[in-house]
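Notes for the one structure printed next.
The values are calculated or read from the model by the stated rules, or taken from the named source; none is laboratory data. Bear in mind the structure is a predicted one, so any value in this text is a computation, not a measurement. Here Cβ is always computed from backbone atoms with ideal geometry, including for glycine, and neighbour counts include all displayed protein chains. The area values use the complete protein model at the heavy-atom level, side chains included, leaving out ligands, DNA and RNA. Shrake-Rupley method; radii C 1.70, N 1.55, O 1.52, S 1.80 Å.
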Amino acid sequence: MIPLSHYLIVSATMFVIGSVGVLSRRNAIIVFLSIELMLNSVNLTLMSFSSFLGDVTGQMLAFFVMTVAAAEAAVGLAIIIALFRRKQTVNLDEINIMKW
Amino acid sequence: MGFQISDIANNAPLFTLVATGLVVILLESAKSGKPNVSFIVSLAGFILSGLLAVGGLKTEDVSFGGMLMNGSYSNFFAIVFCLTGSLTILISKSYLERFGQFRSEFYILVLFAAMGMVLMASANDLIIIFLGIELMSVSLYVLAGFFRTQDRSNESALKYFLLGAFATGFLLYGIALVYGSAGSTNFSVIHNQAPALMKNQPLPDSVVQAGLPDSVVQAGLPDSVVQAGLPDSVVQAGDSGLPAGQAGLAGTIFLLGLGLVIVGLAFKVAAAPFHMWAPDVYDGAPTPATGFMATAAKAAAFGAFVSIAFKMIGSTSGTISNLLAVIAAASMILGNVIAISQSNIKRMLAYSSIAHAGYMLSGIAAANVEGQAGVMYYVAAYACMTLGAFAIVSILERDDAANLSIDGYAGLSAKHPVIAAALALFMFSLAGIPPLAGFFGKYYVFLAAVKADMTWLAIVGVLTSLISAYYYLRVVVVMYFKEGEAAVEGRIGMSTVVAIAVCAYLVVQLGVYP
């Protein structure tokens with residue numbers, strides 16, 4: 001059986017990749033995808049803990065995370081589209097009317 | 001366990017908001033384009049829900065299998081949310097009409113956001129905290145971008161969304177780690193486990209100190225923390241080959257999880273190293289929505305923060321307390337100092353809200369009963385005065401989002417003496433001048449900090465509130481002693497006047513009879 005620590009290392013690595021992506025990419029959609037990667041690494045952590053502890057709470061929470069991520073995606077993409085209609089760009093460096 | 005009728009009765013304020021939200025959606029779909037009806041129904045829903053919360057102040061109970069905690073604490077916060085929600089609705093009417101955006105969706109979103117806030121304040125489980133925060137945040141992202149034909153509003157929504165979702169990632173990872181180490185997401189269970197977990201960790205101080213507060217303060221960015229401090233140690237912990245669940249490792253994971261949860265919540269309250277979003281979002285969002293975000297959303301985040309600090313972690317351990325104290329001090333200093341240089345009144349209020357988050361956090365860092373009570377009082381006082389200030393800003397704002405500069409308020413006292421007097425009252429209260437509500441709020445949280453042997457924190461607080469008097473009183477000086485052309489755009493809506501009057505009354509009332 002694969003030990004718990006392996007799952008945790010994988011999910012921690014995914015989480016770091018996601019957060020580095022958020023910080024280094026300038027395209028709003030890629031940034032958003034990186035955030036989704038972070039959320040999914042959390043799901044992996046939750047599932048591995050849940051199976052390790054033999055407790056279903058983690059799996060339940062993972063379902064909630066998926067649902068909420070979907071809702072967030074709907075709202076987020078809508079915001080990005082509204083912005084794109086006005087400015088014809090999703091580059092974060094060009095979205096700067098207000099000083100950052 | 002299982003579902004009981006009393007669960008619904010205990011959560012009557014929450015369910016009233018849910019029902020009102022759904023009714024308004026149905027009304028809107030059945031008879032589209034009648035925002036006046038939605039306005040009245042949502043206002044009635046908020047008032048009914050607030051009254052039910054007043055009625056529920058006495059009963060202490062848990063419901064839904066220990067997921068929600070009902071009683072004076074949650075109902076107190078529910079009252080604050082219903083108050084700010086109904087005032088926001090009152091302020092928004094004439095503002096939205098003036099901008100040609102008077103639509104029902106605004107009220108639906110405010111109702112759903114308030115629902116999430118009530119959930120956060122009554123949570124007794126990390127899952128509920130997460131769901132409440134998301135329900136609130138997703139509604140607020142849309143509210144920030146409500147003027148979808150305005151570049152500023154769009155930009156503010158995008159920034160809020162990206163940074164908010166980023167912070168949610170940290171919060172969730174923290175929840176996952178806490179769950180993994182404590183074996184449960186329930187506050188009471190974690191509370192029982194916490195002392196053992198905190199003691200058995202192998203490197204307690206170095207993780208929290210090296211990982212979180214110092215580097216945060218120096219770098220000023222949440223990101224570097226995460227890269228430098230957190231995941232590495234997770235990886236190392238995994239490398240050492242210990243099966244998780246063994247005491248030492250579980251303790252480390254628990255502390256990491258708590259640290260990440262605190263980072264996520266500190267983002268939601270806009271505390272210092274995680275405040276970057278606040279000025280831009282507050283600036284670009286429609287003013288009533290900004291007022292709602294700055295007051296109700298902050299109150300809700302503090303509701304969750306206090307539950308986590310007191311009910312989950314319990315007698316907050318030294319490291320967590322110190323971490324919170326450092327965040328509090330950083331927020332107070334940074335918010336107040338940068339606010340001085342702001343010429344736009346919405347940005348000024350945004351930085352002031354960062355500073356106020358610092359004051360409230362010092363009550364939580366104190367980790368005693370006085371601190372908890374002080375934070376609750378402060379939240380109510382802060383909500384009244386800030387919402388009042390935003391109401392007046394919304395009256396004076398013009399179509400092109402101009403006239404937001406503080407200099408534009410020159411001569412206001414000559415043309416509109418009542419409005420100028422009300423704004424002066426809110427500014428005096430924000431600056432903490434007795435006998436107004438803001439003074440007693442600060443007094444209680446600083447008292448709590450002194451009692452917890454954190455005198456240095458109280459001193460930082462008092463010094464920074466002296467700094468804050470400068471920029472608050474500058475607004476008053478400009479209004480009263482400078483000649484100018486300040487003018488109210490169009491007719492002042494009756495509902496806005498009512499809202500300002502209620503805020504002003506409460507600021508005085510809370511101050512005189514604390």
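A compact table of results
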| quantity | calculated |
| --- | --- |
| Yes/no for B:GLY241 being within 14 Å of chain A (Cβ to nearest Cβ), more than 16 Å from the chain's Cα centre (by Cα) and at pLDDT 90 or above | no |
| Qualifying positions in the stretch A:63-80 - among the β-branched types (Val, Ile, Thr) and surrounded by fewer than 16 Cβ atoms within 10 Å (Cβ to Cβ) | A:THR67 |
| For B:LEU177: the one exception among (1) without any contact (Cβ under 8 Å) to a residue 40 or more places away in the chain; (2) closer than 25 Å to A:SER19 by Cβ | (1) |
| Inter-residue pairs, beta-carbon under 9 Å, first under 19 Å from B:ILE333 (Cα atoms) and in the stretch B:469-486, second open to solvent by 20 Å² or more (accessible area, probe 1.4 Å) and aromatic (Phe, Trp, Tyr), 6+ apart | B:TYR471/B:TYR351; B:TYR472/B:PHE428; B:LEU473/B:PHE428 |
| Complete set of residues in the stretch A:42-100 that are of a type in the set (Asp, Glu) and within 9 Å of chain B (Cβ to nearest Cβ) | A:ASP55, A:GLU72 |
| Residues that are among the hydroxyl-bearing types (Ser, Thr, Tyr) and either within 11 Å of another protein chain (Cβ to nearest Cβ) or more than 23 Å from B:ASN344 (Cβ to Cβ) (or both), drawn from the stretch B:261-292 | B:TYR282 |
| Odd one out for A:SER48, checked against (1) over 17 Å from the mean Cα position of the chain (by Cα); (2) touching a residue at least 12 places away in the same chain (Cβ under 8 Å); (3) open to solvent by 20 Å² or more (accessible area, probe 1.4 Å) | (3) |
| Residue match in the stretch B:433-443 (condition: among the aromatic types (Phe, Trp, Tyr), open to solvent by 50 Å² or more (accessible area, probe 1.4 Å) and either within 22 Å of the chain's Cα centre (by Cα) or modelled with pLDDT under 85 (or both)) | yes |
| Condition broken by B:SER413, with the remaining ones in (1) crowded, with 23+ Cβ neighbours inside 10 Å; (2) at pLDDT below 90 satisfied | (1) |
| Any hit, the stretch B:72-80, residues being outside any strand (DSSP E or B) and surrounded by fewer than 18 Cβ atoms within 10 Å (Cβ to Cβ) | yes |
| Qualifying residue in the stretch A:10-33 (condition: more than 7 Å from chain B (Cβ to nearest Cβ), farther than 19 Å from A:LEU92 by Cβ and among the aromatic types (Phe, Trp, Tyr)) | no |
| Residue, farthest from the other protein chains (Cβ to nearest Cβ), within the stretch B:151-203, restricted to residues that are charged (D, E, K, R) and open to solvent by 10 Å² or more (accessible area, probe 1.4 Å) | B:LYS199 |
| Failed condition for B:PHE147, given (1) open to solvent by less than 10 Å² (accessible area, probe 1.4 Å); (2) part of a helix (DSSP H, G or I) | (2) |
| Count of the stretch B:88-104 residues which are at pLDDT 90 or above and open to solvent by 10 Å² or more (accessible area, probe 1.4 Å) | 1 |
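Per-residue answers, yes or no, for (1) free of Cβ contacts under 8 Å to residues at least 60 places away in the same chain; (2) open to solvent by less than 20 Å² (accessible area, probe 1.4 Å); (3) more than 22 Å from B:TYR73 (Cβ to Cβ):
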| site | (1), (2), (3) |
| --- | --- |
| B:ALA330 | no, no, yes |
| B:ILE333 | no, no, yes |
| B:ARG347 | no, yes, yes |
| B:ALA350 | no, yes, yes |
| B:GLY358 | no, yes, yes |
| B:SER362 | no, yes, no |
| B:MET376 | no, no, no |
| B:MET385 | no, yes, yes |
| B:VAL393 | no, yes, yes |
